[in-house]
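Structure first, then comments.
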């Protein structure tokens, strides 16, 4: 078994090589078009990697015949035009980070052995093809983020029973989340953020998707209250419902998110194994085709996070982040004290809602918290003394509430700038310039 690692160009000598199974020309600073002769690849090819170059132009028809079902990675280049017919025998296809346009109709020509598809960050348009349902036996990762796809999310996605990661972020999908997705019980990562989805957040998400680690529905048009069934998601450690029109109270059972209550991390829950290639077909059993696979690859999840006042993309470090973000909604009521059970939380953002009442007294129980944003609400009363005892806390925003009294003295709260407290006219003490009035002594008793 031979592999071939090339330099920063397409040398002519490769035309004479017919026995390699892996061809890796990634990160080679290639900035030219791929020559036509290059696509005359060995039939036994298992994986082709041209990623992270500056390869230009359009792809030719590469419907080559392979003995195996290889993986192809052409991601992060400058390829453009419509996606041509690709080999019908594929195990993995990554065309992300290019300038491909047109529709997804080419997918209907690929055999059902495809386990991994990443077309994110292109210029693709149109709706999801109904033929996606044929990949039900194999699909593990489907990433269509950051395109111009539109229409409703097809109910045919519910046929992808092996699906673990679904990325549809940054498109123009409309309508409700299809109930058929409840059949995808192996889902661990769902990002439907930055679309035009509407309706309620449905109870079945909590009832059937028990494996969910990450749920992102940010920047859509969801309304209604938060279903109590969300609290059934014991494995959930990242929840982003920000920038919608959700209303009602925070459920007391939000303190039941088991994974967020645990301190410490598992380093394998934000990745997915898929077949980088599949070998020769060897038979049919119970009406389904069977293939032998002898190599797997790993896809690392990524998410956009409102982190310490700025938006940041987390990839390999995502497993370190236990977070709840329900900012910029119409939620109201008091924060339940049960939220302080989530002692593994690293980031909590409830800003820009209509919460009122006091900040829970024992917020200091959140000993892992690094970022806390409760700004632009209607909280009243004093700042809990326990907040000053959260030593990892490096970002705090309590601005524009109705808080009052002295900012508690301690090792933490005076380290933040005055902007963390602005908009609370009755707050006083460092780091604010407004001094606190000395307490009025009790009246002296007069002895007659």
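Each residue in the range 227-245 was checked for being farther than 21 Å from residue 320 by Cα, in contact with a strand residue (DSSP E or B) (Cβ under 8 Å, 6 or more places away or on another chain) and modelled with pLDDT of 95 or more, and 2 pass.
Quickly run through the range 175-189 and pick out the residues that are within 20 Å of residue 272 (Cα to Cα) and either over 18 Å from the mean Cα position of the chain (by Cα) or surrounded by fewer than 19 Cβ atoms within 10 Å (Cβ to Cβ) (or both). Before you say what the answer is, go through the steps one by one.
At the first step, the residues of the range 175-189 found to be within 20 Å of residue 272 (Cα to Cα) are 181-189.
Matches in the range 175-189: 182, 183, 185, 186.
Considering the range 104-135, the residues that are part of a loop (DSSP other than H, G, I, E, B) and under 20 Å from residue 192 (Cβ atoms) include one that is nearest to the chain's Cα centre (by Cα), namely 120. Among the residues of the range 402-427, those identified as crowded, with 18+ Cβ neighbours inside 10 Å, at pLDDT 95 or above and not in a loop (DSSP other than H, G, I, E, B) are 403, 420, 427.
Give me the residue from the range 306-321 that is touching a strand residue (DSSP E or B) at 6+ places or on another chain (Cβ under 7 Å) and either part of a strand (DSSP E or B) or without any contact (Cβ under 8 Å) to a residue 12 or more places away in the chain (or both) and, out of that set, nearest to residue 365 (Cα to Cα). Talk me through it step by step, then tell me what you get.
Narrowing the range 306-321 to residues touching a strand residue (DSSP E or B) at 6+ places or on another chain (Cβ under 7 Å): 306-309, 311-316, 318, 321.
Adding the requirement that they be either part of a strand (DSSP E or B) or without any contact (Cβ under 8 Å) to a residue 12 or more places away in the chain (or both) leaves 306-307, 311-314.
Values: 306: 22, 307: 21, 311: 26, 312: 26, 313: 28, 314: 26 Å.
Taking the candidates together, the pick is 307.
If I ask for residues that are closer than 20 Å to residue 117 by Cβ and modelled with pLDDT of 90 or more, which ones from the range 72-85 would you list? Full working, then the answer.
Of the residues in the range 72-85, the ones closer than 20 Å to residue 117 by Cβ are 72-77, 79-85.
Once the filter is applied, which keeps residues that are closer than 20 Å to residue 117 by Cβ and modelled with pLDDT of 90 or more, the range 72-85 yields 72, 73, 74, 75, 76, 77, 79, 80, 81, 82, 83.
Taking the numbered list (1) over 22 Å from residue 217 (Cβ atoms); (2) free of Cβ contacts under 8 Å to residues at least 60 places away in the same chain; (3) surrounded by 16 or more Cβ atoms within 10 Å (Cβ to Cβ) in turn, residue 341 passes all entries but (2).
Of everything in the range 43-59, what is in contact with a strand residue (DSSP E or B) (Cβ under 8 Å, 6 or more places away or on another chain) and surrounded by fewer than 17 Cβ atoms within 10 Å (Cβ to Cβ)? Give them in sequence order.
As a first pass, look at the range 43-59 and keep what is in contact with a strand residue (DSSP E or B) (Cβ under 8 Å, 6 or more places away or on another chain): 44-51, 54-59.
Listed by number, the residues that qualify are 44, 54, 56, 57, 58.
Screening the candidates 124, 149, 157, 119 for the property of being buried (at least 19 other Cβ atoms within 10 Å of the Cβ), modelled with pLDDT of 90 or more and in contact with a helix residue (DSSP H, G or I) (Cβ under 7 Å, 6 or more places away or on another chain) yields one hit, 157. Looking at the range 322-401, the strands (runs of 3 or more DSSP E) lying wholly inside it that each contain 1 or more residues that are under 23 Å from residue 427 (Cα atoms) and in contact with a strand residue (DSSP E or B) (Cβ under 7 Å, 6 or more places away or on another chain) sit at 330-333, 347-349, 354-357, 371-373, 378-381, 395-397.
In the condition set (1) closer than 30 Å to residue 354 by Cβ; (2) within 19 Å of the chain's Cα centre (by Cα); (3) buried (at least 16 other Cβ atoms within 10 Å of the Cβ), residue 221 is compliant with all but (3).
Taken over the range 69-86, the residue count meeting the criterion of being out of contact with any helix residue (DSSP H, G or I) (no Cβ under 9 Å at 6 or more places or on another chain) and part of a loop (DSSP other than H, G, I, E, B) is 5. If you go through the range 362-399 and pick out every residue that is within 21 Å of residue 327 (Cβ to Cβ) and touching a helix residue (DSSP H, G or I) at 6+ places or on another chain (Cβ under 9 Å), you end up with 16.
The values are calculated or read from the model by the stated rules, or taken from the named source; none is laboratory data. If you're wondering where the values come from, they're calculated on a predicted model, not measured in any experiment. Heads up, the Cβs are rebuilt from the backbone with ideal geometry, glycines too, and the neighbour counts pull from every protein chain shown.
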